[in-house]
Amino acid sequence: MELEKFYYDNKLSKYFATATLFWGIVGMLVGVIAAFQLAFPALNLDLAATTFGRIRPVHTNAVIFAFVGNGIFTAVYYSMPRLLKTPMYSELLGKIHFWGWQLIIVAAAVTLMAGYTTAKEYAELEWPIDIAITIIWVIFGINMFVTILRRRERHLYVAIWFFLASWVTVAMLHIVNSMEVPVSLFKSYSMYAGVQDALVQWWYGHNAVAFFLTTPYLGLMYYFVPKAANRPVYSYRLSIIHFWSIIFLYIWAGPHHLLYTALPQWAQSLGTVFSIMLLLPSWGGMLNGLFTLRGAWDKVREDPILKFFVVGVTCYGMATFEGPMLSLKNVNAISHYSDWTVAHVHIGALGWNGFLTFGMLYWLIPRLYKTELFSKKLASTHFLIGTFGILLYAIPMYWAAFRSYFMFKAFTPEGQLQYQFIDVVQSVVPFYIMRALGGTLYLTGVILMAYNLIKTVRKGSFVEREEAEAAPLAKKYIHTGKTFWHSVIERKPTLLLVLSLFVVSLGGLFEIIPTFLVKTNIPSIASVKPYTPLELQGRDIYIREGCYNCHSQMIRPFRHEVMRYGEYSKAGEFVYDHPYQWGSKRTGPDLARIGGKYPDSWHFNHMLEPTSMAPGSIMPRYPWLFENDLDITSTNSKIHAMRNLGVPYEEGYEAKANQDLGRQADKIARNLKKDKIEISSKKEIVALIAYLQRVGTDIKVDSKK
């Protein structure tokens, strides 16, 4: 059969690789700033845009969707044409994908710093950006799938399985979790509330980690590790088991983020069971990656690229061992809301995603520019700096987590709590400093890599179009000998896509739907009422300022938590919370029962100068809340949106909502005046006080119990 000549277009790979490096430095720099802010609150700068509550989601979105996202696209646009022996279907679609994604990243950073957020972790972006993400993701999928259909290689290599499954699953997760009711151009309310919202969010949140940070990077591993080692993948059959078992099991594990919460027990148990089962396929994939290097260990000692890959794959194994362990209830009781989770996540992010990306860039850039890497010595130095940075980051976080846990649950001989929350915070600040130094060290290594790669580019010449040739795909496939069952699926990309969608849909269907259909999952509580207009406005300010990044609103049924915060939380308390506010980290105390605990003046002074009420606090100041007038023009549309979501405001309440808002605001202003605090009832701080004084007060607890 006559061979056909064609060309690989390297421009898109170069664009995405450059963006990966740029956003990696930006995202990690923001992370370092956020880490230092926890130790030195003055670094919040008393500016709304630079407070930790707004900076933290900028960091997570930049690292996940900008750095890792561009890393995924670099891998896809380089490896897929070569695995399929055909150019990408459309250079135009590729360019739209590239520039569209970069604009989304910029829009995300700007809006998050401006306080526009849905408050849903890893999905904070508001509805116009969600729509843009959907459009760009579909464009990417069309370009990828049509390329597969135009291939010259009949069987699809394992890396492509992971790319396809990742694409279809991320699309499903994004659409379902982003269902929201717009209130204005940059404000919306989640379609789900309370327990249901929490379950959908962590079905998304856990699987954003799975199908954005893990499975596409497994595709990257299956392509670039064998290429760098110049050896075939260790086991084809193991890769099949790895692929199907991991995409089936991962989707069920989200509820393990909600153990000991108000989530129904059956859902918690289901999340735990599937999390434990995940250990086997995860380690199967890790071993398949490491065993690919069999016989190449002498090369590993000399080649910094393989060093990055080995440590990266090992970190994947460590993180995927730790994840199932953290889903055990007795372990989760310690880890949840603590710095242990922060350490766990960063072992994966810095080790698995970071080091695999670095290895890919060190391998790829010299080939795109037809030259040798400028300095292997600098690359090896980067490897050492990065590895030590990971250790200096993670170890203090583990230490801080255990120290905090044992201090939180310590009781005096008389049965009283031994430590106040602020005592625990002050005790872990040195560990926060060490963590920040570890992050700085890791960032230094990335900057060193950027220098090395820029020098590599300058001494080479970019190969824009790379010539190749291959036989066309035969219209009729005639096989000889015994056919392995999986080869049938590999020959049919549409079948592979549909089967992948079916497999990943099962977990969501069986976990989420019952919470909507079976009313006993969320028992109703008659005393729980909708928020007043002022409280609703105050809640939106709470969300805008990112308070959920440091405060939880979910008291677990432990003796030390109930004594510290109040009666443990019930599922029915959150039926009007769009979105839910349970949180995932306690840098500050839980606020589930904060309402009525302190006078209005306490909250006023605490937001103006936190250390005046809590000496040693690391919370930033919020002076703009005392200067900004509350925007009451949005009240009507917010009440209307909430009623459309099922919140039982009376018909036509929008017309008098602002009157009720004004009366409640005036009452708070009068209360403050009694404590010699003069403030206009129109200021944002008044609305925030109204919300904080409401939280948790619908449940009346008998103090004699």
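What follows is calculated from the coordinates using simple rules that are stated; it is not laboratory data. Keep in mind the model is a prediction, meaning the values are calculated, not measured. Here the Cβ positions follow ideal geometry from the backbone for every residue, glycine too, while neighbour counts run over all protein chains shown.
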Dipole moment magnitude, nearest 20 debye, the range 295-335 about Cα centre, only Lys, Arg, Asp, Glu C-beta charged: 120 debye
Rounded if a/c under 1.5, otherwise prolate or oblate - the range 598-686, Cα gyration tensor axes: prolate
Nearby aspartates and glutamates by direct alpha-carbon distance to Lys307 (threshold 19 angstrom, same-chain neighbours under 8 apart not counted): Asp298, Glu372
Compactness relative to 2.2 N^0.38 Å, alpha carbon Rg of the range 362-445: 1.76
Angle between the chain longest axis and helix 279-291 axis [Cα atoms, degrees, rounded to 10]: 40 degrees
Of Met179, Leu220, Gly271, farthest towards positive along the dipole that unit charges on Lys, Arg, Asp, Glu beta carbons give the range 171-318: Leu220
Angle in degrees between helix 304-326 and the longest Cα principal axis of the chain, rounded to the nearest 10: 40 degrees
Tensor-based shape of the range 533-694 (alpha-carbon gyration tensor, a/c under 1.5 rounded, otherwise prolate or oblate): oblate
Cα centroid separation, the range 188-235 to the range 492-533 (Å): 19 Å
Cα long-axis angle, helix 11-39 against the chain (0 to 90 degrees, to the nearest 10): 30 degrees
Size of charge dipole - the range 533-694 - debye, nearest 20, with Cβ of Lys, Arg +1 and Asp, Glu -1, no other charges: 500 debye
Normalised contact order of the chain, rounded percent, pairs of Cα under 8 Å and 6 or more residues apart: 18 percent
Centre separation in Å (Cα based) which lies between the range 293-367 and the range 1-43: 18 Å
Listed residues Met642, Ile241, Ala687: farthest to the positive end of the dipole of the chain (Cβ charges): Ile241
Sequence-distant aspartates and glutamates (8 or more away, or on other chains) whose Cα lies within less than 15 Å of Lys120: Asp130, Glu180, Asp197, Asp540, Glu545, Asp577
The chain - charge dipole about Cα centre, Lys and Arg +1 at Cβ, Asp and Glu -1, debye rounded to 20: 1560 debye
Given charges at Cβ of Lys, Arg, Asp, Glu: the range 533-694 dipole, positive-most of Ala655, Thr611, Tyr548: Thr611
Overall form of the chain per C-alpha gyration tensor (a/c, 1.5; a/b vs b/c): prolate
